[in-house]
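Visitor: Can you read through this structure? Questions will come right after.
Read-outs: derived from the displayed coordinates by stated rules, not from any lab. A quick note: this is a predicted structure, and the numbers were derived from the prediction, not measured.
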Amino acid sequence: MKDAIVATLRQNRDLSDDELRELIGTDRHDAALIRAADEVRREHYGDAVYLRGLIEITSYCKNNCLYCGLRAGNRRAERYRLSREEILACCEEGYALGYRTFVLQGGEDPAFTDDLICELVAQIKRAHPDCAVTLSLGEKPRESYERYFTAGADRYLLRHETADPAHYAKLHPAEMRFENRRRCLYDLKEIGYQVGAGFMVGSPYQTTDHLIADLRFLQELQPDMIGIGPYLTHRDTPFHDKENGSLALSLRMLAILRLMFPYALLPSTTALGTVDPAGRELGLKAGGNVVMPNLSPVGVRKKYAIYDNKICTGEESAQCRDCLERRVRSAGYRIVTDRGDVKRTRGRG
Ligand code: SAH
Ligand code: SF4
């Protein structure tokens with residue numbers, strides 16, 4: 001049984017807005033969509049799943065995104081910052097476990113000055129020249145991004161969150177603007193980073209048309225990585241009474257992304273694993289080809305609470321890696337430990 005819309009998306013890597021509305025707005029195409037996404041991922045990446053070691057370097061944040069538990073206005077959040085020695089020790093441990101990409105993520109913490117970030121990146125690259133360093137530290141001036149790149153950073157993750165400026169304004173305080181987010185992403189790309197954008201699925205007030213705008217924005221930006229996951233509520237935010245995003249819609253969007261961006265690196269995220277115990281395995285089967293096990297020191301993991309009930313906060317790094325390896329294998333894929341750079345040169349297709 002052939003599904004015409006799915007076949008068109010696979011063939012053209014694109015659909016009209018009306019066709020996308022049909023695909024996103026119903027569950028009728030899910031089975032065909034997910035089957036096609038898996039075939040396309042296997043054509044381009046085989047059964048490989050790339051590992052990224054995630055180090056959550058600070059839970060301080062000066063911003064006030066309405067959805068996030070680390071927002072500055074959350075007085076109940078527990079704050080920590082890792083020292084340079086602690087971060088380097090996480091990389092050391094990760095290297096021994098086979099990681100060749102380290103992702104330094106955190107809130108926008110002014111204590112992590114540009115000088116400090118550059119020193120950190122340079123030290124990690126000196127200790128592990130065969131590794132990629134990814135930063136995910138939020139919005140910065142272009143000059144800062146340039147300095148981190150010169151210091152050796154290879155990739156930068158900055159989800160655009162939503163490409164509809166009016167929707168963006170409902171999720172963020174007035175001082176945060178979609179225009180600045182976009183500026184950051186284009187600066188990062190021009191500087192030469194491998195860039196990751198992305199959005200939350202089922203965030204408050206999100207409509208199907210917002211999701212279509214997200215896909216159009218990504219088509220324009222052509223990022224190397226696209227991180228999506230369900231929105232999940234945190235009890236100490238203004239959105240405490242909003243509903244979580246759904247597993248089904250998250251998987252559907254992941255599969256659509258795989259067909260639109262066959263070469264993209266698409267993580268099967270912790271948020272997917274939080275919304276459903278089998279979420280990350282299902283994410284891999286829907287086109288995901290990256291997993292990001294936690295390398296943060298166990299003592300701080302619960303404090304990096306961007307949403308409630310976050311998984312993987314109790315285990316040692318080695319256990320986390322083994323657990324994910326088993327999950328990847330059970331889903332029918334294989335963890336590879338090279339750097340896992342994107343398999344394309346820039347440009348459409
Ligand atoms: N401060 C940086 C990195 C940390 S937040 C930044 O904002 O880019 C990393 C990602 O977590 C965000 O991009 C957002 O998409 C996601 N996130 C935040 N709160 C969330 C929530 N309540 N549910 C699901 N994802 C969330
Ligand atoms: Fe800070 Fe990022 Fe959370 Fe926004 S999403 S409050 S920038 S940590």
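Visitor: Which residue, 255, 169, 153, has the most motion in a Gaussian network model of the chain that connects Cα atoms within less than 10 Å?
Guide: Comparing 255, 169, 153 in a Gaussian network model of the chain, the most mobile one is 169.
Visitor: Convert each backbone phi in the range 271-284 into a coupling constant with the Karplus relation 6.51 cos²θ - 1.76 cosθ + 1.60 (shift: θ = phi - 60°), then list the ³J(HN,Hα) values in order as whole Hz, x for Gly and Pro.
Guide: Couplings: 5, 5, x, 7, 6, 8, x, 9, x, 5, 4, 5, x, 5 Hz.
Visitor: What is the diffusion coefficient of the range 13-115 in µm²/s, taking the Kirkwood radius over Cα pairs and the Stokes-Einstein relation at 20 °C with a viscosity of 1.002 mPa s?
Guide: Approximately 120 µm²/s, per Stokes-Einstein.
Visitor: Using only Cα atoms, tell me the angle between helix 208-221 and the longest principal axis of the chain; keep it within 0 to 90° and round to the nearest 10.
Guide: Compared with the principal axis, the helix lies near 70 degrees.
Visitor: Taking amide H atoms as placed 1.01 Å from N in the peptide plane, list the residues 5 or more away in sequence, or in a different chain, whose amide H sits under 5 Å from that of residue 198.
Guide: Long-range HN contacts for residue 198: 160, 161, 227.
Visitor: Each residue of the range 224-231 in turn: what ³J(HN,Hα) in whole Hz from Karplus with 6.51, -1.76, 1.60 and θ = phi - 60°, glycine and Pro shown as x?
Guide: The phi angles translate into 7, 10, 9, x, 10, x, x, 5 Hz.
Visitor: Could you compute how fast the chain diffuses translationally, taking Rh as the Kirkwood radius over C-alpha pairs and applying Stokes-Einstein at 25 °C with viscosity 0.890 mPa s? Give it in µm² per second.
Guide: Reported coefficient: 122 µm²/s.
Visitor: Once phi is turned into θ = phi - 60°, what whole-Hz ³J(HN,Hα) does the Karplus curve with 6.51, -1.76 and 1.60 give for every residue of the range 74-89, x standing for Gly and Pro?
Guide: Here the 3J(HN,Hα) series is 7, 6, 8, 5, 8, 9, 8, 9, 7, 7, 4, 5, 5, 5, 5, 5 Hz.
Visitor: What relative contact order, as a whole-number percentage, does the range 1-143 give when Cα pairs under 8 Å and 6 or more residues apart are counted?
Guide: Once divided by the residue count of the range 1-143, the mean separation gives 22 percent.
Visitor: Please find, in a Gaussian network model of the chain (springs between Cα atoms separated by less than 10 Å), the residue of 46, 107, 196 whose mean-square fluctuation is greatest.
Guide: 46
Visitor: Over the chain, what is the relative contact order in percent, taking alpha-carbon pairs closer than 8 angstrom and at least six residues apart?
Guide: Relative contact order, the chain: 24 percent.
Visitor: Would you mind checking which residues have amide H under 5 Å from residue 72's amide H? H placed 1.01 Å from N; only 5 or more apart, or other chain.
Guide: Here the answer is 63, 64, 65, since their amide H atoms fall under 5 Å of that of residue 72.
Visitor: Only helical DSSP H runs with n ≥ 4 go in: add -39500 (n - 2.57) per run for the chain, normalise by residue count and round the 222 nm mean residue ellipticity to 500 deg cm²/dmol.
Guide: After summing the helix terms and dividing by residue count, I get -13000 deg cm²/dmol.
Visitor: To continue, here is another question. Between helix 178-191 and the chain, what is the angle of the helix's C-alpha long axis to the longest principal axis, kept within 0 to 90° and rounded to the nearest 10?
Guide: Approximately 80 degrees, to the nearest ten.
Visitor: What percent do you get for the relative contact order of the range 201-349 when only Cα pairs under 8 Å and 6+ apart count?
Guide: So the answer I get is 23 percent.
Visitor: Just list whichever of 189/343; 189/303; 62/242 have alpha carbons separated by over 20 Å in the model shown. Mind dumping the intermediate values first?
Guide: On the way: 189/343 16 Å; 189/303 32 Å; 62/242 23 Å.
The pairs that break the limit, which is 20 Å between Cα atoms, are 189/303; 62/242.
Visitor: Also, I was wondering about something else. Compare 308, 18, 164 in a GNM of the chain, Cα atoms joined below 10 Å, and give the one with the largest fluctuation.
Guide: Maximum fluctuation in the GNM of the chain, among the listed residues, is at 18.
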